[in-house]
Amino acid sequence: MKGLVLTAVKKMEIQDLPKPSVLPNEVLVQTKYAGICGTDHALYNGLPGSAKAVPPIVLGHENSGVVAAVGANVTNVKVGDRVTVDPNIYCGQCYYCRTGRPELCDHLSAVGVTRNGGLAEYFTAPASVVYELPDSISFKAGATIEPISCAVHGVQLLHLTPYAKALVIGDGFMGQLFVQILQAYGVHQVDFAGIIDDKLALNKKLFNVKNTYNTTRDTLPSDYDIVVEAVGKPETQEQAVNATRKGAQVLMFGVGHPDAHFQMNTYEIYQKQLTIQGSFINPHAFEDSIALLASGKVNVDPLISHELELNQVEPVLQGKVAGVSKAVVKVG
Ligand SMILES: NC(=O)c1ccc[n+]([C@@H]2O[C@H](COP(=O)([O-])OP(=O)(O)OC[C@H]3O[C@@H](n4cnc5c(N)ncnc54)[C@H](O)[C@@H]3O)[C@@H](O)[C@H]2O)c1
Ligand SMILES: [Zn+2]
Ligand SMILES: [Zn+2]
C-alpha cells in the first residue's frame, strides 16, 4: 500500500508499505480522508503534539474510512462499515484514567502520532476508538470529527448558560467550530475576533455571529462571560483575559509554544472571580460531535479550503501553500 512517511524531522516520502494486519482487538481501516491540522505542522517540525512523533511514522490523526478487516474480538463494527476514528488511546490503568480524566493519561498513545495513521491507504486502530459514521455525514466531513471533538471537550469543561455572552478569539478552523458549538450548546450571543476580514465576514454570514472584531484594528470589549482563546499566542491569551466581565470563564484552547508565557493581573483574577480553564484533546466527545455534524448544528463544508493528494501534503506542512484554512487529504 501507498503511505506518506515522516522519515525524519522536516522530511516526508511516499513509500510502498506492507498492509498492516490486525490484532484481536483491532480494526483495519481503508482510509478515505485524513485531515491536516496544526498538530501535524508541529510534528513535522519536530515539536510535540499531544505526544511526540518518532520517525519513521505515518501521520494522520483526523480520519474517516471503511472497515476492511476486524480482529477476532471486535463486536462494535464490521467489514464494510463507514467509520471515523478517535486517535487517542488511553491506558485505562494510570491514576488519571482511574479517576475519570483519561485525557490526562500518563501513557497516552495516538493514531497518527505515536502509531501509524491515516496518511496511508490503510491503518489499524483499537476497536474502542472506532465509531460508525452515519450515512448523512460524508467521508470528507467525517475526517473533521476529531477536531470537532476537541472543541466539544473544551465546551464541556465550561459551565454554560443561555444568558452567557461569548467571544471566540482566533479565526482559524477551530475558532469557526467553536462559534457553532457554543451556539449549539445554547449560548445566546457569540462574537468572533480574528485578523482575516474574509473569515470574519464568512462567519457572520454563515453562523449568526453578532459582532466581529479584527484585532489588528479594533479594541475588544471587556464584558464577556465566556472567552475562548483559539490562537495560542501570548498576546491573544492576554486579550482573552482582558475581554472578561466579572465571573467569566476563559477557555485556553490554543496551543502555545512550549517556552511561551503571558502576563496576567493577579488582582483581576481575584476581583473578577475568573476561571482560567485549559483544554487538552477530546475524551468522550465523539458521539456528541457526530450528532452535532449529523444534525447540521455544525457545518464544516464551507470551511474546508483545500482538498489535497498525498504528494501535496509536505508543501502545506512546510508553509509553502498560501491561504490554507482547513486541508483534508483524499487518500482512498
Ligand atoms: N486544545 C486542544 O485540544 C486543541 C486541539 C486542536 C487545536 N488546538 C489549537 O487551537 C488553535 C487554533 O487551531 P486552528 O486549527 O484554528 O489554527 P490556525 O492556525 O488555523 O488558526 C489560528 C488563527 O488565529 C488567527 N490569529 C492569529 N493572530 C491573531 C490575533 N492576534 N487575533 C485574532 N486572531 C489571530 C489566525 O488568523 C488564524 O486563522 C491552535 O493553537 C491549535 O494548536 C488545540
Ligand atoms: Zn488535529
Ligand atoms: Zn492512563
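Key figures for this structure:
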{"read-out": "Number of the exception - Glu103 against (1) over 18 Å from Asp40 (Cα atoms); (2) within 16 Å of ligand 2 (Cβ to nearest atom); (3) part of a loop (DSSP other than H, G, I, E, B)", "value": "(3)"}
{"read-out": "Residue tally, condition buried (at least 17 other Cβ atoms within 10 Å of the Cβ), acidic (Asp, Glu) and free of Cβ contacts under 8 Å to residues at least 60 places away in the same chain, over region 92-113", "value": "0"}
{"read-out": "Checklist (1) within 25 Å of Leu47 (Cβ to Cβ); (2) at pLDDT 95 or above; (3) surrounded by 12 or more Cβ atoms within 10 Å (Cβ to Cβ); (4) assigned by TED's automatic domain parsing to the domain that holds Asp191 applied to Gly256, failing item", "value": "(2)"}
{"read-out": "Residues satisfying the stated conditions in region 297-332, i.e. in a helix (DSSP H, G or I) and either hydroxyl-bearing (Ser, Thr, Tyr) or closer than 24 Å to Glu13 by Cα (or both)", "value": "Leu310, Asn311, Gln312, Val313, Glu314, Pro315, Val316, Leu317"}
{"read-out": "Selection from region 144-168 of residues that are in contact with a strand residue (DSSP E or B) (Cβ under 7 Å, 6 or more places away or on another chain) and either more than 18 Å from Val190 (Cβ to Cβ) or open to solvent by less than 10 Å² (accessible area, probe 1.4 Å) (or both)", "value": "Thr144, Ile145, Glu146, Pro147, Gly154, Ala164, Ala166, Leu167, Val168"}
{"read-out": "Which listed residue, of Lys205, Lys140, is in the same structural domain as Met252 (by TED's automatic domain parsing) and among the basic types (Lys, Arg)", "value": "Lys205"}
{"read-out": "Of the criteria (1) on the phi < 0 side of the Ramachandran plot; (2) in the same structural domain as Tyr185 (by TED's automatic domain parsing); (3) in contact with a helix residue (DSSP H, G or I) (Cβ under 9 Å, 6 or more places away or on another chain), which one Lys165 fails", "value": "(3)"}
{"read-out": "Residue selected from region 215-232 under the condition closer than 15 Å to Val168 by Cβ and near ligand 1 (Cβ under 8 Å from one of its atoms), by the criterion most open to solvent (accessible area, probe 1.4 Å)", "value": "Val231"}
{"read-out": "Verdict on Gly323 being under 29 Å from Ser128 (Cα atoms) and either of a type in the set (A, V, I, L, M) or more than 16 Å from ligand 2 (Cβ to nearest atom) (or both)", "value": "no"}
{"read-out": "Filter result for Gln183 (under 17 Å from Lys297 (Cβ atoms), away from ligand 2 (no atom under 16 Å from the Cβ) and touching a residue at least 40 places away in the same chain (Cβ under 8 Å))", "value": "yes"}
{"read-out": "Filter pass, Ile269 being in the same structural domain as Glu229 (by TED's automatic domain parsing) and either in contact with a His (Cβ under 7 Å, 6 or more places away or on another chain) or of a type in the set (A, V, I, L, M, F, W, C) (or both)", "value": "yes"}
{"read-out": "Count - residues of region 114-130 that are crowded, with 22+ Cβ neighbours inside 10 Å and either in contact with a helix residue (DSSP H, G or I) (Cβ under 9 Å, 6 or more places away or on another chain) or among the small types (Gly, Ala, Ser) (or both)", "value": "5"}
{"read-out": "Region 20-33 residues that are over 17 Å from Gly80 (Cβ atoms) and open to solvent by 50 Å² or more (accessible area, probe 1.4 Å), paired with ones that are in a strand (DSSP E or B) and modelled with pLDDT of 95 or more (beta carbon under 9 Å, 6 or more apart)", "value": "Ser21/Leu28; Ser21/Ala69; Ser21/Thr124; Leu23/Thr124; Leu23/Pro126; Asn25/Pro126"}
{"read-out": "Output for region 296-332, where each listed residue is open to solvent by 50 Å² or more (accessible area, probe 1.4 Å) and touching a Phe, Trp or Tyr at 6+ places or on another chain (Cβ under 7 Å)", "value": "Lys330"}
{"read-out": "Filter pass, Pro48 being within 16 Å of ligand 1 (Cβ to nearest atom), touching a Gly at 6+ places or on another chain (Cβ under 8 Å) and either farther than 25 Å from Ala294 by Cα or not acidic (Asp, Glu) (or both)", "value": "no"}
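The values are calculated or read from the model by the stated rules, or taken from the named source; none is laboratory data. Nothing here was measured: the structure is a model prediction, and the numbers come from that model. For neighbour counting, all protein chains shown are included, and Cβ atoms are generated from backbone atoms with ideal geometry for every residue, glycine included. Each accessible area value is taken on the protein alone, full model and side chains, heavy atoms only, with ligands, DNA and RNA left out. Shrake-Rupley method; radii C 1.70, N 1.55, O 1.52, S 1.80 Å.
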